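**Q** Okay, here's the structure, questions in a sec.
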Amino acid sequence: MNIKAYLDSTYLKTAQQAQLSEKENNKMIENCILEAIKEQFKLVMIRPNKVAMAKKLLAENESKVLIGTVIGFHEGTNTIEEKLAEAEKAIKDGADELDFVVNFEAFKEGEIDLVKVEVLKGTFLALQHHKTVKWIIETAALNGAQIIQLTTLIKNVVVANFKENEFERVFVKSSTGFYKTIDGSPNGATIPAIIAMLENACPLQVKASGGIKNQEEALEMIKLGVKRIGTSSAKAISEGLESEGSY
Ligand SMILES: O=C[C@H](O)COP(=O)(O)O
C-alpha cells in the first residue's frame with residue numbers, strides 16, 4: 001500500500017496565524033507545494049487565494065499532484081452565496097477538490113434546511129465542474145449523536161440528488177484542525193468519530209483530518225476504511241517519523 005496516495009498535505013495557516021510576514025508565509029506554502037511534488041503526495045491543500053500560485057508551480061514542475069482548497073474556512077458560518085462565490089473562484093483558479101466547512105453552528109442550532117441547501121448547492125457546483133467535494137463537519141465541535149446526524153444528512157442529500165457514479169467524488173471530512181476544544185482533547189480525527197462517520201456516510205467516502213501526526217495513526221484510519229488523510233504532517237507520516245506538525 002502506498003500511503004502517499006492517501007495524503008492531502010495541508011498548509012492552511014494565514015501569515016497572522018503562523019506569526020510570519022506575508023512573504024515568509026508564502027515561502028512556507030511554496031515549500032509545502034514543492035514537497036508534495038517531490039514526495040508525490042495525492043494532493044496539496046492550501047487556502048483559496050493561493051490556488052493560482054499552486055497551479056503555476058505544479059505546471060512548471062509537470063506534476064500530477066492535485067490542488068485542494070478550503071471553502072468557508074474555518075468556522076463555516078459564511079452565507080451559502082459567499083461559499084459558492086469562493087468555490088467558483090477557486091475552480092477558475094485551478095482547484096481540483098473543494099473542502100467546504102459545513103455551517104455546523106447552524107446545524108447545532110437546528111437550522112437543518114440551511115445545511116441541506118448548502119450541501120446541495122455546493123455539491124452541485126463541484127460535480128458540475130467534475131471536481132471532488134468534501135464536507136467538513138468539524139467533529140471536535142459535535143457530540144457522538146450529532147456526528148451521526150450530520151453525516152447522515154449529507155449522505156441523504158447527496159444520494160437523493162446525484163447519480164450513483166458521482167458518489168465517489170463526495171466525501172464527509174472530520175475536521176478543519178483549527179477548532180479549539182475547551183478541554184484540549186484530540187482535534188477531530190478520533191477513532192470513535194471516524195468509525196461513526198464511516199458507518200453512516202456510505203456510499204460517500206470519508207476523509208480523516210485534524211490531529212493525525214504519525215504513520216501509525218494514519219494507517220489505523222486507512223485500515224478502518226478512510227480514503228483520504230488530511231494532515232499538516234504528511235512528510236513525517238510518509239517517512240514513519242513522529243511530528244508536531246511539519247506545517
Ligand atoms: O484539513 C486538514 C487539517 O487542517 C489538518 O490538521 P492538522 O494540522 O491537525 O494535521
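Values quoted throughout were computed directly from the atomic coordinates according to the rules given, and no laboratory measurement underlies them. On a predicted model such as this, the values are computed, not experimentally measured, just so you know. Here the Cβ positions follow ideal geometry from the backbone for every residue, glycine too, while neighbour counts run over all protein chains shown.
**Q** Separation between the LYS163 and THR14 pseudo-spin-labels, each 7 Å from Cα along Cα→Cβ, expressed in nm?
**A** 4.0 nm
**Q** Sticking with this structure for a sec: Contour minus end-to-end for GLU220 and ILE112, with contour as 0.36 nm per residue of separation and end-to-end as the Cα-Cα distance?
**A** Between GLU220 and ILE112, full extension yields an extra 35.6 nm.
**Q** So, one more: Taking the Cα centre of each part, how many Å lie between the range 25-96 and the range 109-139?
**A** The range 25-96 and the range 109-139 have Cα centres separated by 18 Å.
**Q** Could you pull out the GluC sites (Glu not before Pro) across the range 87-162 that fall in loop regions by DSSP (anything but H, G, I, E, B) with no more than 16 other Cβ atoms inside 10 Å?
**A** Passing both the DSSP loop test and the Cβ count: GLU109, GLU111.
**Q** Let me ask another. At R0 = 30 Å, how high is the FRET efficiency between MET1 and GLU199 if r is their beta carbon distance? Nearest 0.05 is fine.
**A** After rounding, the FRET efficiency stands at 0.85.
**Q** Here's another thing I want to ask about it. When Lys and Arg each count +1 and Asp and Glu each count -1, what net charge do the other residues less than 10 Å away from LEU125, Cβ to Cβ, add up to?
**A** Around LEU125, the charge tally is +2.
**Q** Now for a separate question. Among LYS13/LYS131; LYS13/LYS223; LYS64/LYS180; LYS56/LYS223; LYS64/LYS207, which pairs are too far apart, with a Cα-Cα distance over 26 Å?
**A** Checking Cα-Cα distances, LYS13/LYS223; LYS64/LYS180; LYS56/LYS223 exceed 26 Å.
**Q** Using Cα pairs under 8 angstrom and six or more residues apart, how large is the relative contact order of the range 92-153, in percent?
**A** Value for the range 92-153: 42 percent.
**Q** Relative contact order for the range 1-52 using alpha-carbon pairs under 8 Å, separation at least 6, rounded to a whole percent?
**A** That works out to 53 percent.
**Q** Listed highest first by mean packing, meaning other Cβ atoms within 10 Å per residue, what order do 141-150, 171-180 come in?
**A** Descending mean neighbour count gives 171-180, 141-150.
**Q** Show me the ranking of peptides 159-169, 212-222 by mean Cβ neighbours inside 10 Å, starting with the highest.
**A** 212-222, 159-169
**Q** Mean separation of Cα pairs under 8 Å and 6+ residues apart, divided by the residue count of the chain: what relative contact order is that in percent?
**A** Relative contact order here is 17 percent.
**Q** Something else: Considering only the other residues whose Cβ falls under 9 Å of the Cβ of LYS227, what net charge follows from Lys and Arg at +1 and Asp and Glu at -1?
**A** Once positives and negatives cancel, what remains is +1.
**Q** Once you list every other residue whose beta carbon is under 14 Å from the beta carbon of GLU30, what net charge do they have if Lys and Arg are +1 and Asp and Glu are -1?
**A** Here the charged neighbours net out to +4.
**Q** Another one. What number, rounded to the nearest 500 deg cm²/dmol, is the helix-based mean residue ellipticity at 222 nm of the chain, given -39500 (n - 2.57) per DSSP H run of at least four residues and division by all its residues?
**A** Dividing the helical sum by the residues of the chain leaves -14000 deg cm²/dmol.
**Q** Further question on the same structure: Going from the alpha-carbon gyration tensor of the range 141-193, what semi-axes, largest first and in whole Å, does one get by taking the root of 5 times each eigenvalue?
**A** 27, 12, 8
**Q** What percentages make up the Cα-Cα pair-distance distribution of the chain when the bins are 5 Å wide from 0?
**A** Distribution as computed: 1, 7, 15, 19, 22, 18, 12, 5, 1, 0 percent.
**Q** Right, here's the next one. State the Kirkwood hydrodynamic radius of the range 113-219 in Å, one decimal place, computed from all pairs of distinct Cα atoms.
**A** Hydrodynamic radius (Kirkwood, Cα pairs) of the range 113-219 is 14.1 Å.
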